[in-house]
Amino acid sequence: MPNRKNSFSSWRRRLAQRAVHAGWAWARRAGSVTAERPGRLRFGALGTGTRLAFPLGTVFGEPWIRIGAHCIIGEQVTLTAGLMPDLDLGPEPILRLGDGVVLGRGSHVIADTTVTIGSDCYFGPYVYVTSTNHSYDDPHQPIGKQWPRMEPVEIGPGCWIGTGAVILPGARIGRNVVVAAGAVVRGTVPDHAVVAGAPARVVRSWTPDEGWQPPLRTPAPVPIPDGVTPGQLRALSALDEAAVAGLARLDAES
């Protein structure tokens, strides 16, 4: 015979679990930050369609932070302008994010001096961008007590920054650059390059005359033809390997 007490306890646990999940989903929706619902935050600019997911990371110096339209800022993302809160940083913005930027969960963008992230940049989780580095000139003083060095950081539009990458002060990353996961970037990276390693180095690059060098090992994705509907794509996804092979034979014969 089933134990009634255990069954009732299990039912209560399931009900409590559902209530917790529903409450957390509500909190995430209610706690997210948008231009229409900024909460306590007063950014220098917050574009249409942009959302900062809840729970937020550390955010301060927001009057000197400008975020473009249709950006996605993941959970626990830190965005800071200045060394500490409540500083007057002057008339110009310190941290700029272009339109369509995606910052993955747990990423940090620390802008003690100017940091610019171009439009349509995509960051994986736990990326760290900083314009400040510790100095260790005085061997007799703790490093944490020595005045830091600051250099502007610029990330061009269309970049892909992999999980766990670190962008150091003074980095100048060009347009449509891939930064591999875990890379540590300093200095200048040219347009249309792939960099990897610590410190990061160029492992592949593209030019109009030579294309990608070294050549890509995988073929380029085939774009979806014009006129294909979502319903047709769903029907294709339901096909098994034999059906796909049969369609390929018919295509070759025709």
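Of everything in the stretch 149-168 that's assigned to a loop (DSSP other than H, G, I, E, B) and in contact (Cβ under 8 Å) with a residue 40 or more places away in the chain, which residue is most open to solvent (accessible area, probe 1.4 Å)?
Narrowing the stretch 149-168 to residues assigned to a loop (DSSP other than H, G, I, E, B): 151-152, 156-159, 162-165, 168.
If we keep only those that are in contact (Cβ under 8 Å) with a residue 40 or more places away in the chain as well, we get 157-159, 163-165.
Values: Pro157: 43, Gly158: 29, Cys159: 1, Thr163: 70, Gly164: 32, Ala165: 0 Å².
Within the stretch 149-168, the match that is most open to solvent (accessible area, probe 1.4 Å) is Thr163.
Please go through the stretch 99-112 and pick out each residue that is open to solvent by 10 Å² or more (accessible area, probe 1.4 Å) and part of a strand (DSSP E or B).
Listed by number, the residues that qualify are Val102, His108, Ile110.
This table checks each residue for (1) loosely packed, with under 13 Cβ neighbours inside 10 Å; (2) part of a helix (DSSP H, G or I); (3) free of Cβ contacts under 8 Å to residues at least 40 places away in the same chain.
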site	(1), (2), (3)
Val195	no, no, yes
Ser205	no, no, yes
Pro215	yes, no, yes
Pro219	yes, no, yes
Gln232	yes, yes, yes
Ala245	yes, yes, yes
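I'm trying to understand the selection: among the residues of the stretch 141-180, which are at pLDDT 95 or above and small (Gly, Ala, Ser)?
The answer is Gly156, Gly158, Gly162, Gly164, Ala165, Gly170, Ala171, Gly174, Ala180.
Do we find a residue being among the basic types (Lys, Arg) and within 30 Å of Asn176 (Cβ to Cβ) anywhere in the stretch 78-101? Give the steps one after another, and end with the answer.
Step one: list which residues in the stretch 78-101 are among the basic types (Lys, Arg), which gives 96.
From what is left, the residues that are within 30 Å of Asn176 (Cβ to Cβ) are 96.
Yes, the conditions are met somewhere in the stretch 78-101.
Residue check: is Ala181 touching a Ser or Thr at 6+ places or on another chain (Cβ under 6 Å), in a loop (DSSP other than H, G, I, E, B) and of a type in the set (Gly, Ala, Ser)?
Yes, satisfied.
Going through Asp191, Asp209 one at a time, which residue ends up being at pLDDT below 95, out of contact with any helix residue (DSSP H, G or I) (no Cβ under 9 Å at 6 or more places or on another chain), of a type in the set (Asp, Glu) and in a loop (DSSP other than H, G, I, E, B)?
Asp209
How many of the residues in the stretch 113-140 are open to solvent by less than 30 Å² (accessible area, probe 1.4 Å), over 13 Å from the mean Cα position of the chain (by Cα) and either of a type outside the set (Val, Ile, Thr) or modelled with pLDDT of 95 or more (or both)?
Within the stretch 113-140, residues that are open to solvent by less than 30 Å² (accessible area, probe 1.4 Å), over 13 Å from the mean Cα position of the chain (by Cα) and either of a type outside the set (Val, Ile, Thr) or modelled with pLDDT of 95 or more (or both) number 4.
The values are calculated or read from the model by the stated rules, or taken from the named source; none is laboratory data. These figures come from a predicted structure and were not determined experimentally. Cβ atoms come from the backbone with ideal geometry, glycine included; neighbour counts cover every protein chain shown. What goes into the accessible areas is simple: the full protein's heavy atoms, side chains included, and nothing from ligands, DNA or RNA. Shrake-Rupley method; radii C 1.70, N 1.55, O 1.52, S 1.80 Å.
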